[in-house]
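The structure appears below as structure tokens.
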Amino acid sequence: MLSIKQLSKTYANGVKAINDVTLDIPNGMFGLLGPNGAGKSSLMRTIATLQDPDSGSIHFDGLDVLAQPEALRRQLGYLPQDFGVYPKVTAEVLLNHFAVLKGLTGRGERKEAVEALLHQTNLWEARKRGLGTYSGGMRQRFGIAQALLGSPRLVIVDEPTAGLDPDERNRFLNLLAKIGEQVVVILSTHIVADVTDLCPRMALIVKGEVQLQGEPQATIDTL
Ligand code: ADP
Ligand code: ADP
């Protein structure tokens, strides 16, 4: 369970991107729905300890995230919205590099983890291809593979379905749903169907504020 209390963040340019956000995020898939500029990325970057809020608290299974960011990072998988790929590097090679950075320094454990993730994300056949040859869906699945290195208990995925065609989107969301059976997965999106299709819980965020939270159908029906 991730518990966010009275979180606020105003950028130097005066934009109040997070405005007194209080949210309880249980295990499973959680949808963070909101239009562009609502503050979803700001909230996710703050949970991921990539930027500090001005005030408020974040706890993950009892861990005080803002007091112990390193401890959170060890349990975190993160797929940013603008995840860049290196066109000539193969998925297998890059995943191995990320694995070293994640602390999987033993050759055996690393090989095992990388192979398992390539299978899980259905990229095994394409593992020796440069990432520049991948479709949008394949790139996002590679993004999830790197986020899952080190068996994180909290997985944050920022607008992953943007630009995916319907088949790729379904494939990707089904993969996320499987991961969500084991750990907390927070998915941000501006597409209502992304949350109604597979998130048991969601929050609607507009102009930095949580407008509604609950089960998707009940939440959408009150709009
Ligand atoms: P979303 O992810 O929902 O599109 P963001 O969190 O990216 O929303 O942005 C929320 C608001 O904060 C927007 O008005 C955006 O322009 C602004 N913003 C985001 N990041 C920064 C930043 N580093 N500095 C200043 N303003 C920012
Ligand atoms: P999103 O599409 O999620 O809203 P953005 O495109 O707003 O994301 O943000 C991309 C990057 O640019 C982020 O690192 C964010 O902090 C930064 N950024 C966004 N808006 C601003 C802004 N108004 N001023 C400065 N940096 C910004």
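The values are calculated or read from the model by the stated rules, or taken from the named source; none is laboratory data. Predicted model, so just to flag it, every value in this text is computed and none were measured. Positions of Cβ are generated from backbone atoms using ideal geometry, with glycine treated the same way; all protein chains shown enter the neighbour counts. Note: accessible area is taken over every heavy atom of the protein model, side chains too, but ligands, DNA and RNA are not part of it. Shrake-Rupley method; radii C 1.70, N 1.55, O 1.52, S 1.80 Å.
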**Message:** Regarding the stretch 181-193, can at least one residue be identified that is of a type outside the set (Gly, Ala, Ser), touching a helix residue (DSSP H, G or I) at 6+ places or on another chain (Cβ under 8 Å), within 30 Å of Ser3 (Cβ to Cβ) and away from ligand 1 (no atom under 16 Å from the Cβ)?
**Reply:** yes
**Request:** Please go through the stretch 40-61 and pick out each residue that is within 8 Å of ligand 1 (Cβ to nearest atom), within 21 Å of Gly28 (Cα to Cα) and not aliphatic (A, V, I, L, M).
**Result:** Lys40, Ser41, Arg45
**Fill in**
In the set Asp82, Asp24, Asp20, the lone residue that is within 18 Å of Arg201 (Cα to Cα) and either of a type in the set (Asp, Glu) or in a loop (DSSP other than H, G, I, E, B) (or both) is Asp24
**Prompt:** Does Thr121 satisfy the criteria of being polar (S, T, N, Q) and either under 24 Å from Thr10 (Cβ atoms) or open to solvent by less than 40 Å² (accessible area, probe 1.4 Å) (or both)?
**Reply:** yes
**Request:** Please work out which one of (1) closer than 28 Å to Gly37 by Cβ; (2) in contact with a helix residue (DSSP H, G or I) (Cβ under 8 Å, 6 or more places away or on another chain) is the condition Arg129 fails and give its number.
**Result:** (1)
**Request:** Look at the stretch 153-168 and say how many of its residues are over 16 Å from Leu33 (Cα atoms), in contact with an Asp or Glu (Cβ under 8 Å, 6 or more places away or on another chain) and buried (at least 21 other Cβ atoms within 10 Å of the Cβ).
**Result:** 0
**Asked** Taking Arg107, is it within 13 Å of the chain's Cα centre (by Cα), basic (Lys, Arg) and open to solvent by 20 Å² or more (accessible area, probe 1.4 Å)?
**Response** no
**Asked** So which residues in the stretch 1-17 are in a strand (DSSP E or B) and surrounded by fewer than 14 Cβ atoms within 10 Å (Cβ to Cβ), if there are any at all?
**Response** Gln6
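Scan the stretch 179-223 for residues that are in a helix (DSSP H, G or I), without any contact (Cβ under 8 Å) to a residue 40 or more places away in the chain and within 19 Å of the chain's Cα centre (by Cα) and report the count.
4
Take the conditions of a type in the set (Gly, Ala, Ser), touching a strand residue (DSSP E or B) at 6+ places or on another chain (Cβ under 8 Å), open to solvent by less than 70 Å² (accessible area, probe 1.4 Å) and not in a strand (DSSP E or B) and apply them to Ser41. Does it pass?
yes
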**Message:** I'd like the full set of residues that are surrounded by 15 or more Cβ atoms within 10 Å (Cβ to Cβ) and either within 11 Å of ligand 2 (Cβ to nearest atom) or among the hydroxyl-bearing types (Ser, Thr, Tyr) (or both), limited to the stretch 52-74.
**Reply:** Ser57
**Fill in**
The residue from Leu63, Leu72, Leu50 that alone is in contact with a Leu (Cβ under 7 Å, 6 or more places away or on another chain) and closer than 20 Å to Ser188 by Cα is Leu72
**Prompt:** Looking at Glu109, is it touching a residue at least 24 places away in the same chain (Cβ under 8 Å) and of a type in the set (Asp, Glu)?
**Reply:** no
**Item:** Whichever residue in the stretch 72-91 is out of contact with any helix residue (DSSP H, G or I) (no Cβ under 7 Å at 6 or more places or on another chain) and not small (Gly, Ala, Ser) and, among such residues, is farthest from ligand 1 (Cβ to nearest atom)
**Value:** Thr90
**Request:** Filter the stretch 18-38 down to the residues that are open to solvent by less than 20 Å² (accessible area, probe 1.4 Å) and β-branched (Val, Ile, Thr), then identify the one that is nearest to ligand 2 (Cβ to nearest atom).
**Result:** Ile18
